[in-house]
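What follows is a single structure, written as structure tokens, with notes after it.
The values are calculated or read from the model by the stated rules, or taken from the named source; none is laboratory data. Nothing here was measured: the structure is a model prediction, and the numbers come from that model. No Cβ is skipped: glycine too gets one built from the backbone with ideal geometry, and neighbour counts run over all protein chains shown. Remember, those area values only see protein heavy atoms, side chains included, never the ligands or the DNA or RNA. Shrake-Rupley method; radii C 1.70, N 1.55, O 1.52, S 1.80 Å.
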Amino acid sequence: MVSRSGKFSIADLQEKKVQPTAAQIARYDHPMAAAVEISPVLEILVREPDGYSIWNGPPFKNNNQPGIKLEKVPCNNAKYSEDGSRIMVTKTDSAIGIYDSNTLKEIRCFQIPNVVASALSPCGAYLQTFQKSTTPQEKNVVLWSIETGDPVYEQFQKNMTKATWPLIRFSSDEAVACRLATNEIQFFDAADFSKGISHRLRVPGVAAVELSRAPGSHVAAFVPESKGSPASVQIYACAKELQSQPLARRSFFRCSTVQLHWNHGSTGLLVVVQSDVDKTNQSYYGESKLHYLTTDGAFEGLVPLRKEGPIHDVQWSYSGKEFAVVYGFMPASATVFDKKCKPVHELGSGPYNTVRWNPKGKLLCLAGFGNLPGDMAFWDIIDKKQLGTTRAECSVTSEWSADGCYFMTATTAPRLQVDNCVKIFSYNGSLLFKKMFNKLFQADWKPESPDKFGEIAELIKSVGSVKIEETKSLGQGSTTKKPASANPPAQKPAAYRPPHAKNAAAVQAELFGGSSTGEMSKNALKNKKKREKQKEKKAAEAAAASGAT
């Protein structure tokens with residue numbers, strides 16, 4: 001039953017077996033609201049030079065402005081754990097505080113001098129830190145128990161790179177933990193690190209590993225090229241009794257680096273192989289290929305792409321049953337594949353280099369960020385139709401909300417020092433909110449499991465029933481309002497004109513009597529009249545000559 005305002009009531013949502021959100025309960029003011037188990041409220045962590053704050057997420061009520069859950073707190077860095085239960089805050093005095101993300105109360109504070117990097121485990125049970133070390137005897141990588149505040153594992157690490165940090169990798173449920181060492185992968189009992197290394201997997205020459213996340217049943221190992229031997233990616237089971245042989249293996253030449261992407265369910269692995277040199281001389285930035293391996297050995301090979309060129313982005317859906325790829329020379333193409341590596345939907349081509357799957361799996365966003373103008377296209381993958389297009393120029397980060405109804409982009413420093421802002425779009429690309437900052441470092445959704453929210457179709461209906469206006473904040477001051485376009489069209493970029501051709505129209509006008517603005521100047525009109533008189537005079541002379549003969 002629908003109310004007079006055209007909105008679904010809480011009773012309607014319960015009848016349809018859809019879990020109402022907190023915003024829906026507050027909106028309808030249901031008398032049984034207190035007794036209803038509600039979905040989590042969306043939250044956004046925003047970090048500026050003077051600290052971080054936490055906003056209540058959309059839909060916004062107070063003049064389309066976000067409510068402030070936590071006022072600004074000084075810090076150098078702040079980050080949620082993977083499950084969103086805790087926040088790691090690096091304070092200005094080199095102390096690291098761990099906070100409960102729901103109550104915002106401090107659980108524990110670690111005083112760690114000279115800390116270079118820190119990371120929370122997925123469920124927030126452990127804190128891992130890397131410190132500057134002067135001697136090998138000084139163990140500079142420490143794993144701390146947040147519950148007790150004591151170190152549970154220590155190790156010396158000479159240096160740290162993006163590929164090797166964090167040193168100890170956890171599965172999403174923290175049931176499995178492993179570490180990359182020289183020529184081997186070491187496994188631990190994640191419930192009790194005091195037991196030390198539980199077993200070792202020897203992989204000669206291994207340079208990078210990626211542990212499957214949910215569940216942590218498999219590990220992928222990358223071995224680079226060496227002495228004429230090709231590079232390879234191998235998949236092993238994490239259980240000791242199943243590690244005698246790799247479950248899948250793929251070898252390739254011309255490989256400098258790889259990106260390893262596991263799906264949810266740990267059944268498939270996508271490998272983006274990047275080479276620094278393109279032997280075909282088609283790209284200055286080298287060449288890249290996309291390989292696909294399954295843990296059951298059903299598929300080991302290249303992903304069949306329709307177009308030549310680099311692999312711009314690839315992402316698995318939340319279900320792990322399909323993945324999307326943006327690839328090829330500009331304009332890039334985008335294709336959705338199923339888990340058997342068969343193309344199921346072509347999304348066309350355009351100025352895109354980014355793909356973002358909606359957590360609910362139904363929707364997908366294609367975007368062109370970085371050195372591209374910021375065009376975005378929103379697709380319904382189930383119904384195979386485009387919902388809308390828009391543009392978010394100069395965006396550095398982008399991500400869907402956990403309920404799948406909103407898409408947030410942010411322009412942040414130090415990548416860009418001007419026009420820093422946060423934009424929130426609806427699922428179809430309509431702009432709902434915009435706020436400018438003098439300087440913005442970070443804007444992140446609070447992680448939540450998509451399973452905690454209702455079906456995306458019902459959530460979209462509830463969002464669509466709310467009339468939201470665009471709010472553009474001018475600096476940090478007052479705001480001006482105007483109705484948001486339901487589907488702002490993306491403007492096509494103008495054709496490139498070389499510098500020497502920019503004044504070509506004006507030069508042509510001066511030489512040939514035309515005008516660069518489309519109107520004839522006085523001199524051009526004068527010259528035109530002279531030419532016409534000369535033509536008339538020549539015609540008269542020709543007629544007189546022919547009459548005389």
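In a reduced charge model with +1 at each Lys and Arg Cβ and -1 at each Asp and Glu Cβ, region 208-274 shows a dipole moment near 100 debye about its Cα centre. Calculated on the Cα set of region 335-461, radius of gyration then Dmax: 14.9, 48 Å. Solvent-accessible area per residue in region 134-283 equals 50 Å², computed with a 1.4 angstrom probe and all protein chains kept. Here region 386-452 yields Rg over Rh of 0.99, to two decimals, using C-alpha coordinates and the Kirkwood radius.
Computed in the context of the full set of protein chains, the accessible area of region 187-300 at 1.4 Å probe radius has 49% of its extent on carbon or sulfur.
In this structure, the residue pairs whose Cα-Cα separation is over 18 Å, taken from Lys132/Lys195; Lys362/Lys385; Lys384/Lys446; Lys162/Lys360; Lys321/Lys385, are Lys132/Lys195; Lys384/Lys446; Lys162/Lys360; Lys321/Lys385. With the convex hull of the Cα atoms taken as the outline of region 251-380, the averaged projected area works out to 7.8 nm². Among Ala377, Phe337, Gly348, pick out the residue whose Cα is farthest towards the positive end of the charge dipole of region 331-392, where Lys and Arg carry +1 and Asp and Glu carry -1 on C-beta, about the Cα centre. Result: Phe337, furthest along the dipole toward the positive end. Evaluating kT/(6 pi eta Rh) at 25 °C and 0.890 mPa s, with the Kirkwood radius of region 91-155 over Cα pairs in the Stokes-Einstein relation, gives 198 µm² s⁻¹.
Think of a 1.4 Å ball rolled over the protein heavy atoms: region 285-431 then has 37 Å² of accessible area per residue.
For Lys289, the aspartates and glutamates whose Cα falls under 13 Å of its own Cα, not counting residues fewer than eight places away in the same chain, are Asp276, Asp278, Glu308, Asp313.
The dipole here belongs to region 113-230: it is taken about the Cα centre, uses +1 on the Cβ of Lys and Arg and -1 on the Cβ of Asp and Glu, and is about 460 debye. Split the accessible area of region 76-147 by element, probe 1.4 Å, and carbon with sulfur accounts for 45%.
Could you check how many percent of all C-alpha pairs in region 109-237 are farther apart than 19 Å? Of the Cα pairs, 51 percent sit more than 19 Å apart.
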